[in-house]
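Visitor: Sharing a structure with you now.
The values are calculated or read from the model by the stated rules, or taken from the named source; none is laboratory data. Because the structure is predicted, anything quoted here is derived from the model rather than measured. Don't worry about glycine lacking a Cβ; one is built from the backbone with ideal geometry, like all the others, and counts go over all protein chains shown. Protein only, heavy atoms only, side chains kept; ligands, DNA and RNA dropped before computing areas. Shrake-Rupley method; radii C 1.70, N 1.55, O 1.52, S 1.80 Å.
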Amino acid sequence: QVQLVESGGGLVQPGGSLRLSCAASGINFSIYTLGWFRQAPGKQRELVAVITSGRTTTYAKSVLGRFTISRDNAKNTVSLQMNSLKPEDTAVYYCKAEWGRSDYWGQGTQVTVSS
């Protein structure tokens, strides 16, 4: 059974930092492309960052220079370090694992940026 479990969300003030983690089980983790997506109320889910099996990374323009995605294949985890957070970063953050026609999602973790 495949499971992706996110953690690390919470409430943070503007300018603050959070680190999200996603622990995967039930897949051959090292071959999967991993991504973080987010969905704000009333908006569509959007890509935040992606890291391939070869560790190539891609970021949304809105987070470039502030967020960093990384993976630890030994621990089957993908992380998202978020710095200089803004109120517009408020959303539910989801991790995704994709390989070929297979893709899996976590249940999401809430990030709220507010003073």
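Visitor: Please find, among Leu64, Leu85, Leu47, Leu80, the residue that is surrounded by 14 or more Cβ atoms within 10 Å (Cβ to Cβ) and part of a loop (DSSP other than H, G, I, E, B).
Guide: Going through Leu64, Leu85, Leu47, Leu80 in turn, the sole match is Leu85.
Let's see how each residue does on (1) in contact with a Phe, Trp or Tyr (Cβ under 7 Å, 6 or more places away or on another chain); (2) among the small types (Gly, Ala, Ser):
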{"residue": "Val5", "(1), (2)": "no, no"}
{"residue": "Ser25", "(1), (2)": "no, yes"}
{"residue": "Tyr32", "(1), (2)": "yes, no"}
{"residue": "Ser53", "(1), (2)": "yes, yes"}
{"residue": "Leu64", "(1), (2)": "no, no"}
{"residue": "Lys75", "(1), (2)": "no, no"}
{"residue": "Ser84", "(1), (2)": "no, yes"}
{"residue": "Lys96", "(1), (2)": "yes, no"}
{"residue": "Val111", "(1), (2)": "yes, no"}
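Visitor: Can you tell me which residue within the range 50-61, out of those that are of a type outside the set (S, T, N, Q) and not in a strand (DSSP E or B), is farthest from the chain's Cα centre (by Cα)?
Guide: Here the residue is Gly54.
Visitor: Quick check on the range 10-24. Is at least one of its residues touching a Leu at 6+ places or on another chain (Cβ under 8 Å) and among the basic types (Lys, Arg)?
Guide: yes
Visitor: List the pairs whose first member sits in the range 32-60 and is farther than 18 Å from Thr109 by Cβ and of a type outside the set (Lys, Arg), whose second member is open to solvent by 40 Å² or more (accessible area, probe 1.4 Å) and modelled with pLDDT under 95, and whose Cβ atoms are under 6 Å apart, counting only residues at least 6 apart or on separate chains?
Guide: none
Visitor: OK, next. Mind listing whichever residues of the range 19-44 are within 14 Å of the chain's Cα centre (by Cα) and either open to solvent by 30 Å² or more (accessible area, probe 1.4 Å) or of a type in the set (Asp, Glu) (or both)?
Guide: Hits for the range 19-44 are Arg19, Ser21, Ala23, Thr33, Phe37, Gln39.
Visitor: Continuing with this model, one more query. Based on what the data block shows, is Pro14 more than 14 Å from the chain's Cα centre (by Cα), modelled with pLDDT under 95, closer than 30 Å to Ser115 by Cβ and not hydrophobic (A, V, I, L, M, F, W, C)?
Guide: no
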